[in-house]
Structures are given as C-alpha cells and as structure tokens.
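Shown next, in structure tokens, is the structure this report addresses.
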Amino acid sequence: MRSRLTALAAALVLMGSVLLGVFVAAPASAHDYLVASSPQADSTVTAPLHSVDLTFDDVVLDLNTSGPSALLTVTGPDGAARHFETGCPTVSGRDVTAPVDLGGPGKYLVTWQIVSADGHVVSDSIQFAYQPPAGTKEAAGASADPCKGYGAAASTAPKAGQGTAQGTVDPNAVVIVVAIAVVIVVLALAAVLIIVLTRRRAPRH
Ligand SMILES: [Cu+2]
C-alpha cells in the first residue's frame, strides 16, 4: 500500500512538472515573428521605394472575406503621423506586402498587425531611414490609413446581438492561469500523499 502511494506521489510530481513545462512553453513559441523584411529594420533606403515586404517564420492567416486581416502602415517621416502606404496589404503564405510611395527624407515607421498561424493576433514595428537622391518626387501621404476598417479587429468584431467580443481576453493568459491552477492542485495532492506516508511510518517505530 505504501509503495503504491509513493509511486502515485512520484507520478503526480512528475505530471505537475511536465504540465508546467508544456503550458508555459507552448503559447510563447506558437506566435509568428518577423524573420526578414524589405527594407531591413534600421537600414537606410537610398532609392525610391514601391513596397514594404515582411516575411514571418510561419504562415500568416488571412481570415477576412471582404479585405485583409493584416494591417501594414508606413508613417513618418521622423515621427510624423502621415501615412505613406497607398493601399491594403496582401497576405501570401509567410509574406505580407503593402504598396508605398514615400515622402521626404527621414525615418519611417513600419507597423503591422497580423493573425499568427495559431489564430492569435500579434503586432510590432520596425524603422528604416529614407535618403532618396536629390530631386526624387515626394509623395504627400495621407492623414489616415487607406486600408482603415480592415485588419484583425474587423474579423473578430462581434456581429450585432452576438454578445461579448472575442479576443478581449488573451487566450494565452487563460491557458497559463488554468495550467498554474492544475499544477498547484497536482503538487498539493502529492504533498498530502507524502505527509500521509510519513505520518503512517512514524508510529511503527
Ligand atoms: Cu497564440
């Protein structure tokens, strides 16, 4: 009986450790991340630019039927809020591309929001410098995103009368909280078993 309980306690401890490892490691590794871009992050572009291309480590989902579920904006120069992307991004496999027509020289900020291969929305940004040859025509840019209204928000927005919006609670946070609760319960059971075992042993000597 005692050896069986010892084995059970050991199994519970092992199970707790494995669950902890799986749940903590899995969500973090599941999100797409940028592996390459044109222009490259922090590079200097010295020729007129017609598109910004982003390549991710995994497939980018395109969930909308009416427009892209990815957003890609190019703003600047030097912190200005003018938009120089001239249309919606195109999603193809691991690549997201948007047409651009830049303004004056300076730093431009590329901001994206995409739906990862696991269905979660991730966003980030990179910068590049633009130093075009003298005499290059400067686009005026736009005060708003020409692709406004699309993106992941549009694809996950609740339809009228559908109740609460999906995506307001980060599913990763829920998974981690549940995992930690499970681990705590399992380890507590193991602790109780160990206490029971050591108590039983004591009166016999
Ligand atoms: Cu995820």
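Details
- Residue satisfying condition, being β-branched (V, I, T), touching a helix residue (DSSP H, G or I) at 6+ places or on another chain (Cβ under 6 Å) and modelled with pLDDT of 80 or more, within set V186, V110, V96, V91: V186
- Entry remark, the range 86-100: residues being farther than 29 Å from A30 by Cα and either touching a Leu at 6+ places or on another chain (Cβ under 8 Å) or buried (at least 24 other Cβ atoms within 10 Å of the Cβ) (or both) number 1 in total.
- Residue match in the range 56-77 (condition: over 23 Å from S92 (Cα atoms) and in contact with a Pro (Cβ under 9 Å, 6 or more places away or on another chain)): yes
- Flag not set for V121, criterion: out of contact with any His (no Cβ under 6 Å at 6 or more places or on another chain) and either open to solvent by less than 50 Å² (accessible area, probe 1.4 Å) or touching a residue at least 60 places away in the same chain (Cβ under 8 Å) (or both).
- Total residues in the range 120-139, condition away from the ligand (no atom under 16 Å from the Cβ) and in a loop (DSSP other than H, G, I, E, B): 9
- Cross-chain or 6+ apart pairs with Cβ under 6 Å, the range 50-65 first and without any contact (Cβ under 8 Å) to a residue 60 or more places away in the chain, then aromatic (F, W, Y) and in a loop (DSSP other than H, G, I, E, B): D57/Y33
- Residue check for V177: closer than 29 Å to F56 by Cβ, part of a helix (DSSP H, G or I) and modelled with pLDDT under 95: yes
- For the range 77-111, a tally of residues being in a strand (DSSP E or B) and either without any contact (Cβ under 8 Å) to a residue 40 or more places away in the chain or within 16 Å of the ligand (Cβ to nearest atom) (or both) returns 7.
- The combined condition, being crowded, with 16+ Cβ neighbours inside 10 Å and not in a loop (DSSP other than H, G, I, E, B), is not fulfilled by V35.
The values are calculated or read from the model by the stated rules, or taken from the named source; none is laboratory data. What you see is a predicted model, and the numbers here were worked out from it, not measured in a lab. Using ideal geometry, Cβ is built from the backbone for each residue, glycine included, and neighbour counts are taken over all protein chains shown. The area values use the complete protein model at the heavy-atom level, side chains included, leaving out ligands, DNA and RNA. Shrake-Rupley method; radii C 1.70, N 1.55, O 1.52, S 1.80 Å.
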